[in-house]
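**Q** Let me begin by handing over the structure; questions about it come next.
The values are calculated or read from the model by the stated rules, or taken from the named source; none is laboratory data. Bear in mind the structure is a predicted one, so any value in this text is a computation, not a measurement. Neighbour counts run over all protein chains shown; Cβ positions are idealised from the backbone, glycine included. Just the protein is used for accessible areas: all its heavy atoms, side chains included, with ligands, DNA and RNA removed. Shrake-Rupley method; radii C 1.70, N 1.55, O 1.52, S 1.80 Å.
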Amino acid sequence: MTPSDVKATLSFSDGSPQMELPLYKGTIGPDVIDIRKLYAQTGKFTYDPGFLSTASCNSTITYIDGDKGELLYRGYPIEQLAVNCDYLETCYLLLYGELPTPSQKEEFVSRVTNHTMVNEQMQFFLRGFRRDAHPMAVMTGLVGALSAFYHDSTDINNPEHREIAAIRLIAKMPTLVAMAYKYTIGQPYIYPKNDLSYAGNFMRMMFATPCEEYKPNDVLVRAMDRIFTLHADHEQNASTSTVRLCGSSGTNPFAAIAAGVACLWGPAHGGANEACLNMLNDIQQMGGVAKIGDFIKQVKDKSSNVKLMGFGHRVYKNYDPRAKLMRETCHEVLGELGLHDDPLFKLAMELEKIALEDEYFVARKLYPNVDFYSGIVQRAIGIPVPLFTAIFALARTVGWIAQLNEMIGDPEYKIGRPRQLFVGATKRDVKPIAQR
Ligand code: SDX
């Protein structure tokens, strides 16, 4: 952080002593006002529910420019990474800060590949769930349960432990997501195969059966790999902030990532891709493109509580660059599968077109986000709708781990402990029940 020569002066109209607050500049993006001494010097807190104007940390990992619709992983634009790199190269970049050389990539891929199996005991956790349990309920349980198996890598303050925990989590998430899926359809689990790519291995664990060999479709595997890359990290979003806050207590990385899985599940966050596809199906049931106008009317009526899922974003007030890439992937996959006339894809494009011309959405700078097209392409690949967010969690695990390790590696980090503006009852005495 570079101290700025600009200072902020805080003065109070009640004659309280004014205070000078230092500013810091990042390499790009907004400067920050350092308020760490504010309470000690003024007895006052800042107030920012939802953290609209709050930087919780300094980071070198991901940068988003919401106005330009720009997303950089360690400085590299997502558009270039999505085309020139695969997901494991992106994982290496997010974890270590640089893109791997060929030999570094080979070594990293080999380490991840050799950790894709899970302990055989893990399968018994699944048996406790009903077969129709939501995969995110299962994943929250399974990821937390991993901490019970890795006592050799749960000391978050030990860099080696952080490193092996990162490799294990990246390697095992596809195996666990595929197990969660197989459990719901009553099929046997498929073990990972070490001669397949990360995404190819995942597709095989998802769709193969012991009865015949499964040949992954290269176009679909590439699309899956790109979906992983587009979801890998995204600055201090709700689930990443959850992982940081959870990890700040010194808990083990598996427990902290389980907290991130739980937070991502929400429909305002990672659950939006499932909600978006359900929304498109509902409009289709109502009558498809002809009914878009009625649906948009519902969205504009606040009392309806209906949101245009897959639209809007706390940071992007322009097009989410991931949505554009996801739409391209949609075209590729639907083309490969001969589903050009997929009614939901046509409906989504028409809905996007209408929304982008509608003053309600334009005035609120609501654009499609990563979740708007991701459901359509995953559905085309054959992923069941309830599994969409579990796949988002699979892909985001590397971002959560990289952000957690960055925090723990920062000598300045402390346990996160926000305060509050208390507006409840002032002190009063308890009356015996007979007098209440
Ligand atoms: C992800 O943070 C991240 O980086 C998240 C993520 C990541 O990679 O980690 O990018 C992944 O979570 C993407 C977002 C997925 N969620 C959805 O698609 C759900 C639908 N979107 C909304 O719930 C909403 O846009 C949020 C939650 C995404 C953003 O919420 P904000 O920033 O709090 O927006 P807001 O509520 O302040 O919206 C401003 C206005 C409001 O109207 P007014 O009160 O000004 O009249 O826009 C309206 C909102 O009601 N609005 C919407 C809307 N989103 C916002 N109206 C209709 N449909 C929507 N989708």
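**Q** By its C-alpha gyration tensor, with a ≥ b ≥ c as the square roots of the eigenvalues, how is segment 356-417 shaped: rounded for a/c under 1.5, else prolate for a/b larger than b/c, else oblate?
**A** It is oblate, given that a/c is not under 1.5 and a/b is not larger than b/c.
**Q** Sticking with this structure for a sec: Highest first, please rank the peptides 167-173, 97-103, 351-357 by the mean number of other Cβ atoms sitting within 10 Å of their residues.
**A** 167-173, 351-357, 97-103
**Q** Segment 388-436: D in µm²/s via Stokes-Einstein (Kirkwood Rh, Cα pairs, 37 °C, 0.692 mPa s)?
**A** Roughly 205 µm²/s, to the nearest whole number.
**Q** Nearest 500 deg cm²/dmol is fine: what mean residue ellipticity at 222 nm does the chain get from its DSSP H runs of n ≥ 4 alone, each adding -39,500 (n - 2.57), divided by its residue count?
**A** The per-residue figure over the chain is -15500 deg cm²/dmol.
**Q** Could you work out how far the C-alpha centroid of segment 153-232 sits from that of segment 293-317, in angstrom?
**A** The distance from the Cα centre of segment 153-232 to that of segment 293-317 comes to 34 Å.
**Q** Rounded, prolate or oblate: which one fits segment 205-355, using the alpha carbon gyration tensor with axes a ≥ b ≥ c (rounded when a/c is under 1.5, else prolate when a/b beats b/c, else oblate)?
**A** It is oblate, given that a/c is not under 1.5 and a/b is not larger than b/c.
**Q** Along each of its three principal axes, how wide is the spread of alpha-carbon positions in the chain, in whole angstrom units, largest first?
**A** Result for the chain: principal-axis Cα extents of 79, 65, 58 Å.
**Q** Bin all alpha-carbon pair distances of segment 134-277 at 10 Å intervals from 0 and give each bin's fraction as a whole percent.
**A** With 10 Å bins starting at 0, P(r) equals 11, 35, 38, 15, 1.
**Q** If you count, for each residue, the other Cβ atoms within 10 Å and average over each peptide, how do 141-149, 21-29, 73-81 line up from highest to lowest?
**A** Packing order, densest peptide first, comes out as 141-149, 73-81, 21-29.
**Q** Take residue 341 and residue 212, extend 7 Å from each Cα along the Cα→Cβ direction, and tell me the distance between the two endpoints in nm.
**A** Calculated label separation equals 2.7 nm.
**Q** Counting only protein heavy atoms, what percent of the accessible surface of segment 302-436 is carbon or sulfur at a 1.4 Å probe?
**A** Of all accessible area on segment 302-436, carbon and sulfur atoms account for 53 percent.
**Q** Among 84, 281, 252, which one moves the most in a GNM of the chain with springs linking Cα atoms closer than 10 Å?
**A** Comparing 84, 281, 252 in a Gaussian network model of the chain, the most mobile one is 84.
**Q** Related question: If N is the number of residues in segment 9-74, what value comes out of its Cα radius of gyration divided by 2.2 N^0.38 Å?
**A** My calculation over the Cα atoms of segment 9-74 gives 1.39.
**Q** Under a 10 Å cutoff between Cα atoms, tell me which one of 211, 246, 263 has the largest fluctuation in the Gaussian network model of the chain.
**A** Judging by the Gaussian network model, the answer is 211.
**Q** Among residues other than residue 301 whose Cβ falls under 14 Å from its Cβ, what is the net charge (Lys/Arg +1, Asp/Glu -1)?
**A** +2
**Q** Once Rh for segment 203-245 is found with the Kirkwood sum over Cα pairs, what is the Stokes-Einstein diffusion coefficient at 25 °C and 0.890 mPa s, in µm²/s?
**A** 190 µm²/s
**Q** Compute the accessible area per residue over segment 1-93, keeping the other protein chains in place, probe 1.4 Å, unit Å².
**A** With the other protein chains kept in place, segment 1-93 gives 63 Å² per residue.
**Q** Just to confirm my numbers, what's the Cα centroid distance between segment 234-269 and segment 61-86 in Å?
**A** Each part reduced to its Cα centre gives a spacing of 22 Å.
**Q** A further question follows. When the C-alpha atoms of segment 165-242 are aligned to their principal axes, what extent does each axis show, in angstrom, from largest down?
**A** Projected onto the principal axes, the Cα atoms of segment 165-242 cover 44, 26, 22 Å.
**Q** With a 1.4 Å probe and all protein chains left in place, how much accessible area per residue does segment 231-321 have, in Å²?
**A** 40 Å²
**Q** Kirkwood hydrodynamic radius (Cα pairs, Å) of segment 269-316?
**A** Roughly 11.4 Å, rounded to one decimal.
**Q** In segment 294-344, if every C-alpha pair distance is counted and binned at 10 Å from zero, what percent goes to each bin?
**A** Final binned percentages: 21, 31, 36, 12, 0.
**Q** Taking all pairs of distinct Cα atoms, average 1/r, flip it, and tell me the Kirkwood hydrodynamic radius of segment 53-180 in Å to one decimal place.
**A** 17.0 Å
**Q** Rg and Dmax in Å for segment 290-414, alpha carbons only: what are they?
**A** Considering segment 290-414 through its Cα atoms, Rg and Dmax are 17.5, 58 Å.
**Q** Pick from 256, 395, 348: which is most flexible by mean-square fluctuation in a GNM of the chain where alpha carbon atoms under 10 Å apart are linked?
**A** Judging by the Gaussian network model, the answer is 348.
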